[in-house]
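Quick note: the coordinates plus some simple rules give every number you see, no bench work behind them. Worth saying up front: this structure is predicted, and the values here are computed from it rather than measured. Note that each Cβ is placed from the backbone with ideal geometry, even for glycine, and that neighbours are counted across all protein chains shown.
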Amino acid sequence: MQSGQDYRIEADVAIIGGGTAGVNSAMAAAELGLKVLVVEKANINRSGAIAGGIDHFHAFLESGEDWDTREAWLKYVGGLAKGAVNLKVHEAVCCEEMKAAIERVEQIGIPLRDAGTGKFYRTQALGMPGPYAINFNGKMLKPKMAEEVRRRGCRVLDRVQVTNLFLHEGEMAGFTGYDIRSGDFYQIRAKAVIISTGNTNRMYRSQTGNPFNLWYCPACTGDLHRQAFDADVELANMEYTRMTIVPKGFSAPGFNAFFGMGSRLINSLGENFMQNVHPMGDRAPRNYMVWGALQELKEGRGPIYMDCSHLKEKEREHLFTTLGYDKDTLPDFFIKKGYNLEGTMIEMTVSEPMQARPSEQCGSGIKIDERCASNIPGLFAAGDSSDQMGCLHMGVAGGYAAGKNAAEYARLAKQLRPLDDKKIKAEKYRIFKPLEKKSGMSYWEFEDIVRNITTDHFGPVKTENSLKAALQKLGGLDAAREDLKADNLHELMRVHEAMNIQQVAKITATAARARKETRFPPYHYRADFTETDDENFCGLIVVNKGAGGEIQTRFEPLSYDI
Amino acid sequence: MPPVIDHEKCNACGICDEHCPLDVLYLEDDVLDVRYPYECWHCGACRQDCPTGAVTIEFPPMMLSV
């Protein structure tokens, strides 16, 4: 198998990752009249976390209710994500953009309002003080946004996996990638680059053992977290191990719909155990729901069930419809399992862990400021791959903010920065090398080893010794990277993903080691430091690459006096 | 295994191949091949976007029986 043609492309703003945040960034930069390029590993019509659909959009709407104001929202966000959310950044990338984000979704042809009543259908869960979650049919949201990106004249490179970022004199110069079907090699230069590639999945063992049966998109494998780290970009909130409650057998979303509609979790004794875990019961923040469910399962009171039997018929109908908006195939799964609308108990479990944000209102990844800028001039981040954004509402709102800020930067930049030919040549060799190998280790085996280490040592409970052991084992795998083989371009993509997952696992373990407290249990639960320590740890563990390539951390405090 | 293609109904337009976020589906010589069924995310993009209704989703026993 040979590589294909070589291409060089130049743009004002290049966006890596065409999920929700990336396409909204593209819309913003194109609106300001710049030459925009979107590079996506799959196809922007159906890529990222909402590829197949989505059913909720979190927002404050200034309806006149006291919980529905910007101030009340900020109070909720600060309380929910204390120690992880930077409220100044949140105001700039979320609050400022919220109204326009809702209008944009509706303008491109996805109604957020109920067609019958003309009103928003709003529900309350996840620790919210009021019903912030707008329920809607977002099955066509991703293709509609993709259509808008193309309509605005952006160039789109689908099926190109980006492999490394390149700086020139400490500033963003460009990146490389290859087409996963043709093997064509790309070197891309841009005045500004936005990273919007989601979180890291396939990093821990899943409930059924298949690493693609996941809550979040299994194509998001921390590719750009790893590349950003290697390009001296700072990351933050990387220590968190996110999980949720999913149907047994199928790691599908639906949490917001179930609990928003008033469903309850019960254990095998018929007890509504969340009442004993959190004052908000089944409407508690997600991490406490997972925490409660984990205790029940660990202490032998499983299976746990989603009890919808007390809901009115109309509410149940709405629930099952909206579950299908969030995960197209979930209603089929329920039918196959023999569940029906009449209130059958649905068996649930705790999902696989993942590298992602510890709450709905912050992120985990590239550390950004109020302008969505990283510490590297010319490099911006948005959506789940940034340390301050997550969820649909911030992908749409914050993605657009990143696009505007990157466009502003690109406008002022005089010229494109050069790429070093020698480095590009070496990168091309590195990319395609696994195809030359006749024998060696498969990506599958390599990834399984990573998953076993992460799950056994910090999936999710952590101690100093478990993290030390994990880091030693993950480091021991470095030698095996040279042995990875790919029989075709599809496998080549998976080989690079597997190596990225391994490196992100190391970053996560290192950051978790530095946070000697417990926060958002069980997303960061240290069995050796079981209390939350606001005096010493209310803030970000910031990760970057040391002079010798080692992973180093520092602490940056956050304050919540709003 | 998911997804299952009805080759009678499939018009070989290739939309499902283009849209699949996990690179599971390959249209080659006008025949749709579910090449990496184990890597399916069950997002349903192929079924939603199929213009002829040729796609059904089947869940493996690993998901249904546990």
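Here are a few things to note about the model shown:
- Tail beyond 14 Å, pair distance distribution of region A:183-251 (Cα, percent): 69 percent
- By the compact-protein rule of thumb, 2.2 N^0.38 Å, the alpha-carbon radius of gyration of region A:121-172 corresponds to a ratio of 1.94.
- Considering region A:284-393, its Cα convex hull presents a mean projected area of 9.4 nm².
- Between the residues A:LEU484, A:THR123, A:PHE273, the greatest Cα displacement towards the positive end of the dipole of chain A, with unit charges on the Cβ of Lys, Arg, Asp and Glu, is found for A:LEU484.
- Normalised by residue number, the volume inside the convex hull of the Cα atoms of region A:1-146 is 161 Å³ per residue.
- FRET efficiency for A:GLU531 and A:LYS119, using Cβ-Cβ distance with R0 set to 45 Å, rounded to 0.05: 0.55
- Lysine pair number, Cα distance threshold 18 Å (strictly under), region A:230-343, separation 8 or more or different chains: 6
- Distance histogram for region A:406-461 (every C-alpha pair counted, 10 angstrom bins, percent rounded to whole numbers): 17, 20, 22, 23, 18, 0
- Viscosity 0.692 mPa s, temperature 37 °C, Stokes-Einstein D of the protein assembly as shown from Kirkwood C-alpha radius, µm²/s: 135 µm²/s
- Taken one residue at a time, the phi angles of region A:187-194 give Karplus couplings (6.51, -1.76, 1.60, θ = phi - 60°) of 10, 10, 10, 8, 6, 9, 10, 10 Hz. Gly and Pro are set to x.
- Put simply, the amide H of B:LEU22, placed in the peptide plane, has no neighbours under 5 Å, leaving out anything fewer than 5 places away on its chain.
- A simple spin-label model places pseudo-atoms 7 Å from Cα toward Cβ; at A:MET140 and A:ASP230 they are separated by 4.1 nm.
- Neighbour counting of Cβ atoms within 10 Å sorts the residues A:ILE195, A:ILE501, fewest neighbours leading, into A:ILE501, A:ILE195.
- Ranked for footprinting exposure by Cβ neighbours inside 10 Å, fewest first, A:ARG316, A:ARG226 give A:ARG316, A:ARG226.
- Residues B:CYS13, A:CYS94, sorted so that the one with the fewest Cβ neighbours within 10 Å comes first: B:CYS13, A:CYS94
- Residues in region A:10-23 carry Karplus couplings, in order, of 10, 8, 6, 10, 10, 10, 9, x, x, x, 4, 5, x, 5 Hz; the curve used is 6.51 cos²θ - 1.76 cosθ + 1.60 with θ = phi - 60°, and Gly or Pro positions show x.
- With the convex hull drawn over the C-alpha atoms of region A:190-302, the volume per residue is 144 Å³.
- Cubic angstrom per residue, convex hull over Cα atoms of region A:58-113: 86 Å³
- Averaging Cα coordinates gives a centre for region A:97-148 and one for region A:280-334; these two points are 22 Å apart.
- Computed over the alpha carbons of chain B, Rg followed by Dmax gives 11.4, 38 Å.
- Region B:30-66 residues near the modelled B:CYS13 label - backbone nitrogen below 20 Å, point 7 Å along Cα→Cβ: B:30-34, B:43-57
- With contacts taken as Cα pairs under 8 Å and at least 6 residues apart, chain A reaches a relative contact order of 22 percent.
- Gap separating the Cα centres of region A:520-543 and region B:38-64, nearest whole Å: 40 Å
- Using just its DSSP H runs of length 4 or more, each adding -39500 (n - 2.57), chain A gives a mean residue ellipticity at 222 nm of -11000 deg cm²/dmol after division by all residues.
- Largest-first principal axis extents, alpha carbons of region A:463-533, Å: 49, 22, 13
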